[in-house]
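Derivation of every value follows stated rules applied to the coordinates shown; laboratory data play no part. Please read all numbers here as calculations on a predicted model, not as lab measurements. Cβ placement follows ideal geometry from the backbone for every residue including glycine, while neighbour counts extend to all protein chains displayed.
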Amino acid sequence: MPSSSSLIQGISISVSDDDEATGKVRVRVRRKRSRASASASARRRRLLFRTARLGVPLLLAALAVSLLLYESYRLTPSHSSALPPPSFADVGHLSRAARAAGTPRKSCLKLLDPEKLQNLELPEIPEANTSIKEVVYRSSMHHIEDDILSHTESSRFNSFTGYQTLTEREESFKIKESMIVHCGFCNENWFQVSAVDREYMRYCRIVVATCAFGGGDDLHQPIGMTENSIRKVCYVAFWDEVTRASQEEEGNKIGEDNMIGLWRIILVSDLPFSDQRLNGKIPKLISHRLFPMARYSIWVDSKSQFRRDPLGVLEALLWRSNSSLALSEHGARSSLYDEAKAIVKKHKATPEEVEVQLDQYRKDGIPDEKKFNGKKALAEASVIVRDHAPSTNLFMCLWFNEVVRFTSRDQLSFPYVLRRLRPPGVHLFPVCARKDLVNSFGHRRKVKPLVKDAR
């Protein structure tokens, strides 16, 4: 039998004045709330709290993505109902590689329409707009005594480059109608190609060139060209035997016609430098020595895939603006002195060799300025578009000599040569145009250095 105390806890006795008067007592029984129902109620509250805590951020995120999609769709050139805005699933796939392959953003490189590109012809050779009429290249027969005396000035000068003295270096920046300069190939026993390849190179009038020495990057097939450009343009890739072996392991074998896809593979023996980056500067900077009959060339770093019509690029970056040399502004920095700090920090050159170069540039009066003629004073040279006129050839020869004398980082020496020569017709195009020109895949593997004796 339950105790009286437990019964009293569940009974409420209410007494009114009337009840007292009549002597009646009203008894109201209050039922006790069960523990099970209280626990269920608490669980519901906790569940609601968790749902609110997780659901609100998700709702806000969905709202933000919806607004982003709406704005991107609203800003696209076409609002045709046949092209619906991208779904939520599409958003996650808009990586940099996807944007490069089929970019929804507006191109800042304005090429002619396909019909005009298909019928585009080379312009007539213009009259020289500079005082430079010819460039004569020094051979091993020039200044033999000076070469021997100056051999110790730089360990990277050799019989291929010639041993340029500081006096000759200074003279090379004094403009005359006929310029005599070092420009590689002082000894023709270096950088050897077959007679068949040499004849092919003499045939080329427009060249798109790349190279991979020491088993470096893979070969990326060009895209985006018209049939007109396929007929008129030579696509040339320079390899050594190390690169050929590594590419054959990947299944990329050179055909009987010396081709892989659109690329004509030219095998080079007797490379002149142990530094493979420096060997790569030969086709990059002094391509006019390799293609003596060419009027135009486009250099593309081996890490990149060229994705535009070559004739259209020449028209957009050279002919339309009456330019002779075009390359991209640097994306991150504007001053060669800032670039020098970045090179040392990223261990792309030693602090000692960079400081030697900067000391000389300071001595030659190169200021620490971030602008030159209204543009960035620093360039990014993974794509170089140029003609092969004497003034441009001189510029490239002097640039090559600076790279040999100092560090292999050509972006350090470009602003120096630009300020010293001040040539007309140099076009530094914006970074977005470079991204329109190429798909960049980055370097895949490290190159193998050469170990050889200077000749």
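Points worth noting:
- For the stretch 168-265, the ratio of Cα radius of gyration to the globular rule of thumb 2.2 N^0.38 Å stands at 1.36.
- In a DSSP loop and with at most 16 other Cβ atoms within 10 Å, the trypsin sites (Lys or Arg not before Pro) in the stretch 153-204 are LYS174, LYS176.
- Along each principal axis, Cα extent of the stretch 224-272, largest first, Å: 34, 27, 20
- Shape call, the stretch 244-320: gyration tensor on alpha carbons, a/c limit 1.5: oblate
- Remark: the stretch 363-376, residue by residue, has Karplus-estimated 3J(HN,Hα) of 4, 7, x, 7, x, 8, 10, 9, 10, 9, 6, x, 10, 4 Hz, where x stands for each Gly or Pro and the curve is 6.51 cos²θ - 1.76 cosθ + 1.60 at θ = phi - 60°.
- Whether the stretch 313-422 is rounded, prolate or oblate, judged on the alpha carbon gyration tensor where a/c under 1.5 counts as rounded: prolate
- Sparsely packed trypsin sites (Lys or Arg not before Pro) within the stretch 300-344, loop by DSSP, other Cβ within 10 Å at most 12: ARG320
- Sites listed here are GluC sites (Glu not before Pro) in the stretch 169-249 whose DSSP assignment is loop and whose Cβ has at most 13 other Cβ atoms within 10 Å: GLU177, GLU188.
- The reciprocal of the average 1/r between distinct C-alpha atoms defines the Kirkwood hydrodynamic radius, which for the stretch 192-336 equals 16.1 Å.
- Environment charge at LYS133 (Cβ cut-off 12 Å; Lys +1, Arg +1, Asp -1, Glu -1): -2
- Formal net charge of residues neighbouring GLU402 (Cβ-Cβ distance under 10 Å; K, R +1; D, E -1): +2
- Long-range HN-HN contacts of ILE223 with modeled amide H, under 5 Å: PHE306, ARG307, ARG308
- Seen from VAL300, the other residues with C-beta closer than 12 Å to its C-beta sum to a net charge of +3, counting Lys and Arg as +1 and Asp and Glu as -1.
- Per-residue Karplus couplings for the stretch 184-196, computed as 6.51 cos²θ - 1.76 cosθ + 1.60 with θ equal to phi - 60°, are listed in order as x, 6, 5, 10, 7, 7, 9, 6, 8, 10, 5, 4, 5 Hz, Gly and Pro entered as x.
- Close amide H partners of PHE372, meaning residues 5 or more places away or on another chain with modelled amide H under 5 Å apart, are ALA377.
- A straight line joining the Cα centroids of the stretch 287-305 and the stretch 168-228 runs 6 Å.
- Residues THR167 and CYS108, FRET efficiency given R0 of 41 Å [Cβ-Cβ distance, rounded to 0.05]: 0.40
- Amide H contacts of ILE298 (H built 1.01 Å from N, in plane; Pro and chain starts excluded): VAL207, VAL208, ALA209 sit under 5 Å, all sequence-distant by 5 or more or on other chains.
- Cross-link pairs beyond the 25 Å C-alpha cut-off, checked among LYS110/LYS174; LYS346/LYS370; LYS284/LYS375: LYS110/LYS174
- Extension gain for the segment VAL344 to GLU249, taken as residue separation times 0.36 nm less the Cα-Cα distance, is 30.7 nm to one decimal.
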